[in-house]
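Any read-out appearing in this document is the output of simple, stated calculations on the displayed coordinates, not a laboratory observation. Note that the coordinates shown come from a computational prediction; the quantities given were computed from them, not determined experimentally. Cβ atoms come from the backbone with ideal geometry, glycine included; neighbour counts cover every protein chain shown.
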Amino acid sequence: MPVSNPAEPADRGATIRCAGVTKTYGQGNAAVQALRGVDLEIRTGELLMLEGPSGCGKTTLLSVLAGLMERDGGACTVFDQDYQQLSALETTRFRARHIGFVFQAFNLIPALTAAENAATPLLINGHKRREAIDQAGVVLREMGFDDRMLRARPAELSGGQQQRVAIARALVHQPRLIVCDEPTSALDKESGRKIMELLRQFARGKDRVLIVVTHDERIFQFADRIARMEDGRITRIEAAGGLPPRLAG
Amino acid sequence: MIFIALRMLLGDRLKYGGLLFGITFTSFLVAFAASYFGGMMTRSFALITENSRADVWVMDPAVAAVEPNFNLAAAALNRVRSVTGVQSAMPLLLATTDARFPNGRFQSFQVIGVDDATLTGLPPLQGNATPAALRAPDAIMVDPGGTDGKLETPIRPADQWPAGNQPHLDVPTRELAPGDELLVNDTRVRVAGRADALPRFPPRPLLFTTYSTAQRILPPERRRLTFVLVQAAPGVAPRDLAARIESVTGLRARSAADFKSDTVNWMIENSEDTGDAITMLSIALLVGFGVTGVMMFMFTHENLKFYAVLNAMGATARMLLIMIFAQAGLCALIGAGLGLGLCALGGYFFGAYHFPFRMMWFAPVLGGAAVVLISMAAAAFSVGPILKMRPASFLAGR
């Protein structure tokens, strides 16, 4: 696939397509096949949840889709870009422009305020500091943050508030793909529900794809589709939360 | 991104303090060692500085510095005076002698014999002493020459020149003053005043007298003329005159500036203190790098997760390297400033105690260069984990 400008996907209406994706860790007797031929299509506007037992390959698949890890085999395009056709630098720049991350452990930088943490992707994309922090402040205010909370450091915020900052950080640069790794696992039921409502409210959009890796059955109701993984394969995809059945599977 | 890097650094007070300490320590020690060395070198040519009216110094061809030296034949003075372009030429005698104090204690002095007629070579004097007082028979002027407590004479008359030559060493003393006497080679010399000479390196008390008195009180030697101090005629360049004197007399002649350089070069090549200064600099660099490198590595390693997160979010390797070097750069800037400031402050206090401290241009340059070297080396030492990390491992928990 020709790569003219990796920062700009060729077709904004394109989806994520994976066919026969494989990934193996280690070599020889120590080799562990994490992905054993994953086939998956995700359309824009969708919130897809990946669920399955520990070690089934969910996070590996997420890493491959986010361009954090190279696949060993198969084909995979994200907004018509095949990471394997891009250089490492181009892949990194693609992530900066088009992918937002919500990590399991929030991974907020302790020395930065909430607004500064949320502004990080904009700073990475070369925005001016003041402008980036103001823009992050707007997003955080929409999520219920006041001035004092904007200036608070992560240690001064509750788990739910920290995860909101993490979500704001994933959204602030308006990426087209948002990947969330166990976003509610460190939160209680109520906070988890609120976070998922926020994600659905702010992250889901008609030209945006949201992929959530989770063990948490309590949040399945927020998904459009749920893909079940077992032993490195997607064994079942089912509709959830009101998507038309044709999209399921 | 530099903003994030600096906030990360300043947020970890302990590591930041450790980094600053390492860099400040290095900067201080390197600048201090360089200033101390500069002070020693400056003092090594104090005699030349003191005789600022001498444009050219003439000496034995084998002499390469103020010290050590080898005396000239007395006739050299007139040979130099005969060279075209010489306005005046004065003799200067250098020697070392032991002088006995009234209580029997003895002390080594450098004897500086100056021209009887013009007293050229006599430094400024303290108090009401006049240079002419040196023309009195067996008159001397004394100066500590960078030492402390070596010009002490007994207070009580009973402790002075005791009968039977039994020394009275542990008696109350005071500083030598005009009117006091010393014994030099069985000749009593009288202190006519105290000089205000520049401190010497190596430090030792100085005894100024006239050329003729010096010849009389020192043990007889065929050659007593150490240097001929030449004043150039108006319009004659010292370096040209020096070359002319060399070609006419066969003696070594150097302009004052060149002779200072010769002395410093000789000291650098031959003095044990050069090795000591290099050792001090090496220790400063090693300790500085040890502390800074370990702190920087620990800081980077502990923040590796956040660098991985930034990398996952699209920060390129170049951005992350800039972050690391910005952190090292900030520490270098502040540490260098603190270290050099401390060095200047230390010099101010040490200078009051006659330490040979002189913060010349190369001291902050060396201190700054050492800081740049160790902070950049520490940063380079720390970037390894950044370049090797796999951001996916933080997502996958592997």
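Annotations
- Cα pair distances of the range B:47-270 binned at 5 Å [whole percent]: 1, 7, 14, 18, 18, 15, 11, 7, 4, 2, 1, 0, 0
- Principal axis analysis of the Cα atoms in the range B:82-160 yields extents of 57, 26, 24 Å, listed in decreasing size.
- Which listed pairs, of A:LYS58/B:LYS305; A:LYS58/A:LYS189; A:LYS189/B:LYS388; A:LYS58/B:LYS15; A:LYS23/B:LYS388, have C-alpha distances above 32 Å, in listed order: A:LYS189/B:LYS388; A:LYS58/B:LYS15
- Axial C-alpha extent at least 30 Å, average Kyte-Doolittle at least 1.6 - helices from chain B (DSSP): B:317-352, B:362-388
- All-pairs alpha carbon distance profile, chain A, 5 Å steps from 0, percent: 1, 6, 14, 18, 19, 17, 13, 8, 4, 1, 0, 0
- Between A:GLY144, A:GLY159, A:GLY192, the residue with the greatest mean-square fluctuation in the GNM of chain A (Cα pairs under 10 Å linked by springs) is A:GLY144.
- Largest mean-square fluctuation among B:ASP115, B:ASP170, B:ASP55, in a Gaussian network model of chain B whose springs join Cα atoms under 10 Å apart, belongs to B:ASP170.
- Ranked by how many other Cβ atoms sit within 10 Å of their own Cβ, fewest first, the residues B:TRP161, B:TRP57 fall in the order B:TRP161, B:TRP57.
- Only helices enter this figure: runs of n ≥ 4 DSSP H residues, each worth -39500 (n - 2.57), summed and divided by the residues of chain B, yield -16500 deg cm²/dmol at 222 nm to the nearest 500.
- Chain B - percent relative contact order, Cα under 8 Å, separation 6 or more: 32 percent
- Peptide A:101-109 has a mean of 5 when you count, residue by residue, the C-beta atoms of other protein chains within 10 Å of its C-beta.
- Among the trypsin sites (Lys or Arg not before Pro) within the range A:88-173, those in coil by DSSP and having at most 12 neighbouring Cβ atoms inside 10 Å are A:LYS128.
- Here the calculated FRET efficiency for A:GLN27 and B:HIS301, from their Cβ-Cβ distance with R0 = 30 Å, stands at 0.65, rounded to the nearest 0.05.
- Under the Debye formula (equal points on every Cα, no solvent term), log10 I(q)/I(0) of the protein assembly as shown at q = 0.07, 0.08, 0.09, 0.10 Å⁻¹: -0.64, -0.70, -0.79, -0.90
- Rounded, prolate or oblate (a/c below 1.5 giving rounded, otherwise prolate when a/b exceeds b/c) for the range A:171-242 by Cα gyration tensor: oblate
- Of all DSSP bridge pairs formed entirely within chain A, close to 55 percent run antiparallel.
- Residue by residue along A:92-98, Cβ atoms of other protein chains within 10 Å of the local Cβ number 4 on average.
- Relative to the dominant Cα principal axis of chain A, helix A:88-98 is inclined by about 60°.
- When the Gaussian network model of chain B links Cα atoms closer than 10 Å, the mean-square fluctuations of B:ALA380, B:ALA284, B:ALA64 top out at B:ALA380.
- Cα shape, the range A:99-189, gyration tensor, a/c 1.5 rule: oblate
- With contributions of -39500 (n - 2.57) from each DSSP H run of at least four residues, the per-residue ellipticity at 222 nm computed over chain A stands at -8500 deg cm²/dmol.
- Each of A:VAL165, B:VAL372 has some number of other Cβ atoms within 10 Å of its Cβ, and from fewest to most they run B:VAL372, A:VAL165.
- Prolate/oblate/rounded label for chain B (Cα gyration tensor, a/c 1.5): prolate
- Relative exposure of A:VAL179, B:VAL80, judged by other C-beta atoms within 10 Å (fewest first): B:VAL80, A:VAL179
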